[in-house]
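> Mind looking over this structure? Questions follow.
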Amino acid sequence: MRILAEDTMAIVIDYQVRLMPVLHNNEQLIHNSEILLKGLKALGIPMVVTQQYTKGLGMTVEPIANVFGEGFTYYDKTTFSCLDDENIRKAVEGMNRKNIIVCGAEAHICVLQTVIDLIAMGYHVILVEDCIGSRKEKDYETALKRAVVEGAIPTTYESILYELTRVAKTDVFKEISKLTK
């Protein structure tokens, strides 16, 4: 299945200040995710950002929030699956895109439950392996396996960015190329 930009959106799950420091390989996760999100922004891919119980886990970490600039908005949730929150579900449905890129934390909780629900709703889910994380490596590995068994399409940030770009010698390609070097 070819993943095309015009059919694609992203859900950016819970990159929060009290959660990120406890995740396995958190610095690499934030670095990779920042590149992914900058690339998606350059490609014009719409994104929905969530925060789990902001009062307790805090705001989105600065490198991720900065990608969105002054217009940064997010959906505050208390559900593990983003789709169990009515406002987020409506936002996703309102995008009218069949492919959904998923990144964020924690892989075995909010990310996995969101992936399962998206697939059940008929979406093609693209799970960016190097842009999801959990506190424990085993939880990450098991979540990834489960997501693939459920029907998610695994990828990396560089792979999906170039697939969405499709053509070299464009301004978007130049921007993606700079990000991935």
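The values are calculated or read from the model by the stated rules, or taken from the named source; none is laboratory data. What you see is a predicted model; the values in this text were computed from it and never measured. With ideal geometry, Cβ positions are generated from the backbone for all residues, glycine too; neighbour counts draw on all protein chains shown.
> Restricting region 42-60 to residues that are touching a residue at least 40 places away in the same chain (Cβ under 8 Å) and among the hydrophobic types (A, V, I, L, M, F, W, C), which is farthest from E158 (Cα to Cα)? Reasoning before the result, please.
Step one: list which residues in region 42-60 are touching a residue at least 40 places away in the same chain (Cβ under 8 Å), which gives 42-43, 45-46, 48, 50, 52, 57-60.
Next cut, among the hydrophobic types (A, V, I, L, M, F, W, C) only: 42-43, 45, 48, 57, 59.
On the way: A42: 14, L43: 13, I45: 15, V48: 20, L57: 29, M59: 26 Å.
Among residues in region 42-60 that are touching a residue at least 40 places away in the same chain (Cβ under 8 Å) and among the hydrophobic types (A, V, I, L, M, F, W, C), the one farthest from E158 (Cα to Cα) is L57.
> Of all residues in region 130-141, which are in a helix (DSSP H, G or I) and either within 14 Å of the chain's Cα centre (by Cα) or surrounded by fewer than 20 Cβ atoms within 10 Å (Cβ to Cβ) (or both)?
Result: E137, K138, D139, E141.
> Here's a follow-up. Among the residues of region 86-114, which ones are under 23 Å from H31 (Cα atoms) and either more than 12 Å from the chain's Cα centre (by Cα) or at pLDDT below 95 (or both)?
Of everything in region 86-114, those that are under 23 Å from H31 (Cα atoms) and either more than 12 Å from the chain's Cα centre (by Cα) or at pLDDT below 95 (or both) turn out to be H108, I109.
> Given the structure, is Y123 touching a Ser or Thr at 6+ places or on another chain (Cβ under 9 Å) and hydroxyl-bearing (S, T, Y)?
It is false that Y123 is touching a Ser or Thr at 6+ places or on another chain (Cβ under 9 Å) and hydroxyl-bearing (S, T, Y).
> Take region 14-28 and flag every residue that is at negative phi and either within 11 Å of the chain's Cα centre (by Cα) or among the charged types (D, E, K, R) (or both).
Y15, R18, E27
> In addition: F68 - would you say it is free of Cβ contacts under 8 Å to residues at least 40 places away in the same chain, aromatic (F, W, Y), in contact with a helix residue (DSSP H, G or I) (Cβ under 8 Å, 6 or more places away or on another chain) and farther than 26 Å from R166 by Cβ?
Taking the combined requirement at face value, the residue does not satisfy it.
> I'm trying to understand the selection: among the residues of region 7-41, which are farther than 20 Å from G71 by Cβ, acidic (D, E) and touching a residue at least 40 places away in the same chain (Cβ under 8 Å)?
Within region 7-41, D7 is the sole residue that qualifies.
> Scan L83, L144, L118, L127 and give me the residue that is touching a strand residue (DSSP E or B) at 6+ places or on another chain (Cβ under 8 Å), over 24 Å from E27 (Cα atoms) and buried (at least 17 other Cβ atoms within 10 Å of the Cβ). Please lay out each step first, then the result.
Details: L83 fails: touching a strand residue (DSSP E or B) at 6+ places or on another chain (Cβ under 8 Å); L144 fails: over 24 Å from E27 (Cα atoms); L127 fails: over 24 Å from E27 (Cα atoms).
The match here is L118.
> Restricting to region 103-144, what's the tally of residues that are charged (D, E, K, R) and free of Cβ contacts under 8 Å to residues at least 60 places away in the same chain?
So in region 103-144, the residues charged (D, E, K, R) come out as 106, 117, 129-130, 135-139, 141.
Filter once more, so that each one left must be free of Cβ contacts under 8 Å to residues at least 60 places away in the same chain: 117, 129, 138-139, 141.
Adding up the residues that qualify gives 5.
> Looking at this structure, is E158 of a type in the set (D, E, K, R) and over 16 Å from G39 (Cβ atoms)?
So E158 does not fit the description; no.
> Within region 25-58, take every residue that is part of a loop (DSSP other than H, G, I, E, B) and either touching a strand residue (DSSP E or B) at 6+ places or on another chain (Cβ under 6 Å) or acidic (D, E) (or both) and give me the one that is farthest from H124 (Cα to Cα). Before the answer, list the steps.
Of all residues in region 25-58, those part of a loop (DSSP other than H, G, I, E, B) come to 25, 43-46, 53, 58.
Among the residues that remain, those that are also either touching a strand residue (DSSP E or B) at 6+ places or on another chain (Cβ under 6 Å) or acidic (D, E) (or both) are: 45-46, 58.
Details: I45: 15, P46: 16, G58: 30 Å.
Once the filter is applied, the top-ranked residue is G58.
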